[in-house]
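Below is a structure I'd like to ask you about.
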Amino acid sequence: MEGIAVYIAIGIASIFALWIIFYFIPVGLWFTALLSGVRISLLQLVFMRWRKIPPQVIVRSMISSTKAGLKLLRNDLEAHYLAGGHVQDVVNALISADKANMDITFKTATAIDLAGRDVLEAVQMSVNPKVINTPPVTAVAKDGIQLIAKARVTVRANIKQLVGGAGEETVLARVGEGIVSSIGSSETHKVVLENPDFISRIVLDKGLDAGTAFEILSIDVADIDIGKNIGAVLQMDQANADKNIAQAKAEERRAMAVASEQENKAKAQEARAKVIEAEVEIPLAMAEAFKSGNLGIMDYYRMKNIEADTDMRDTISRGTEKKSGGKNQSRESDDKE
């Protein structure tokens, strides 16, 4: 029994040792590379393991490039992998560019990849242009009518500007700005509706793809809708503002008039109070005049007669005014009849 256990342990240890050997010495991968025409030694594959580089990625990339007729160095591929790049994407992009007769070097492709862009997609976009739909762009013509335009922008990747060039957002923003300026410079909205292609001509002449990673091939206005009458809305808002200002000023004048009237009433009441106060003091003054001998009894009766005559005249005048008013009313009624 002990001999069987020893044999089992030796067998397990042998299998583990063989796994370690084939892991660090990928014989199958070396044999595949050899059959594909890629010259690489087993020692180099072992060194890749120690440098934390997967040999499968490097060897398959070398096989693909060799079959496509490209000559790529192993050291360059390893350096790009250690720099954080996507080795297989770069090789596929170089193969696609070579088939499309595009002049792209390995250095350019790795720079685009390390810049965070999809180098394979960029090469494919250079061969097959991409159509970008702009969001609805709102602009106002000189006659105050609002227009809502949508455009399709056909772009092609500019390989030389992919590193450091602006992306799709910048292109869309510039195209939107060009549409707004072209519509805003139109005398009427009817001109834009009759000739929407003039928007494309104006926008293309501005060179909006400068400094971007794309080359604008064409700008086609897909749809133009009529929005609000902004000019009329602004005039209405201005009229409402003027009305509110006039109402505020009128309310201010009314408040000042009410305050002035109340002030005048207060002054009149104050003057009347002073008159009443003076009238109250008249009997006291007369009594004092009787005591001092400055006023006699005949003077008093004469003053009373004057007051009586004054009251009689006032009564007569009021009665005359009432009669004349009645006659006038009767005359008006007769005239009406």
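The values are calculated or read from the model by the stated rules, or taken from the named source; none is laboratory data. Computed from a predicted structure; not experimentally measured. In this analysis, Cβ positions are derived from the backbone assuming ideal geometry, glycine residues included, and neighbour counts consider all displayed protein chains.
Mind checking which pairs have a first residue in the stretch 110-138 that is under 14 Å from residue 158 (Cβ atoms) and a second that is of a type in the set (Gly, Ala, Ser) and part of a loop (DSSP other than H, G, I, E, B), Cβ under 7 Å, 6 or more apart or different chains?
Listed by first residue and then by second, the contacts come to 127/100.
It is to be established whether one or more residues within the stretch 171-181 are at pLDDT below 80 and out of contact with any strand residue (DSSP E or B) (no Cβ under 7 Å at 6 or more places or on another chain).
The answer is no, given that none of the residues of the stretch 171-181 is at pLDDT below 80 and out of contact with any strand residue (DSSP E or B) (no Cβ under 7 Å at 6 or more places or on another chain).
Okay, moving on. On the given criteria, is residue 214 out of contact with any strand residue (DSSP E or B) (no Cβ under 8 Å at 6 or more places or on another chain), surrounded by 10 or more Cβ atoms within 10 Å (Cβ to Cβ) and at negative phi?
The answer is no for residue 214.
Can you name every residue in the stretch 185-197 that is touching a helix residue (DSSP H, G or I) at 6+ places or on another chain (Cβ under 9 Å) and closer than 17 Å to residue 134 by Cβ?
Taking the stretch 185-197 first, the residues touching a helix residue (DSSP H, G or I) at 6+ places or on another chain (Cβ under 9 Å) are 185-186, 189, 191-192.
The one that is touching a helix residue (DSSP H, G or I) at 6+ places or on another chain (Cβ under 9 Å) and closer than 17 Å to residue 134 by Cβ: 192.
For the stretch 229-241, indicate whether the set of residues that are surrounded by 10 or more Cβ atoms within 10 Å (Cβ to Cβ), modelled with pLDDT under 85, of a type in the set (Val, Ile, Thr) and not in a helix (DSSP H, G or I) is non-empty.
No - not one qualifying residue is present in the stretch 229-241.
Give the stretch 102-158 a look and list any residue that's aliphatic (A, V, I, L, M), assigned to a loop (DSSP other than H, G, I, E, B) and not assigned by TED's automatic domain parsing to the domain that holds residue 191, or say none. Give the steps one after another, and end with the answer.
Initial filter on the stretch 102-158 (aliphatic (A, V, I, L, M)): 102, 104, 109, 111-112, 114-115, 119-120, 122-123, 125, 127, 131-132, 137, 139-141, 145, 147-149, 151, 153, 155, 157.
Keeping just the survivors that are assigned to a loop (DSSP other than H, G, I, E, B) gives 102, 104, 115, 141.
Matches in the stretch 102-158: 102, 104, 115.
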